[in-house]
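Report on one structure; see the data block that follows.
Read the figures in this text as sums done on the coordinates, not as results from a lab. Quick caveat, the model's predicted, so the values are computed rather than measured. In this analysis, Cβ positions are derived from the backbone assuming ideal geometry, glycine residues included, and neighbour counts consider all displayed protein chains.
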Amino acid sequence: MDTPTQPVARALDDFTRAGGMTAAFKAGETGLGHHWRLLSPTGDLLARTVRVHSGGKAAQAFWKFLSLTALDAGNDIHVELRGADDCVLARASSINDKPAFVTVTDPSGAQVVKSKRDKDILTIYGADDQPIAEVACDGDGPWQVRADGQVLGELIAGEPGPSTSHSVAAWAWDPETAVSSAAYAKGQHLGLRRVKQYMFAPQGETTTGVVLLPLLAGLTY
């Protein structure tokens, strides 16, 4: 069955009611078109990300140019999470640092959830900045999502993304295309394990902060 092209979520609570979520990466023709699609367990398209930039008009034009040319690989990432009728459900910012943080805020600017990646440990914080879950991401997974000794579910990684280096054969055959392909791949930020899909399978009821885990995993450095 084909994935619907128009998102259906009208509020963040729709993610919780869906009972689990998958974040699937979709490559665009340029870096500006790369985005994540958030899908329910039944395959409904709940929302998608849209790359945005901060600052004044000149700054936004500059960052947009870098995104289009894939020259912004490694920079902080800011996206809007858009649902039905293109409404903005939330905004997410991924900071390239050690540890690496991803913060999701609602349209009023209030924190919904935040993640901190410190090596192989991904800690999730709620709206009050208190820890609500932790994932030890060693190996290829699946990884248990735990809180207070209890298992909340599993985070499952999908297939690897494209290689960010060009092969010797490709370089010898067509150096210009090889460099262009490698740059295009580097512009595809694929998060925790550089894979094109992350899925959260909960055990029982969950919260909005925890169910957004696949998006956090996809955006984190």
Net lengthening on full extension, residue 151/residue 87 (0.36 nm per residue, minus Cα-Cα): 19.7 nm
Peptides 32-43, 148-159 ordered by average Cβ neighbours within 10 Å, highest first: 32-43, 148-159
Mean Cβ count within 10 Å, highest first, over the residues of peptides 129-139, 203-213: 203-213, 129-139
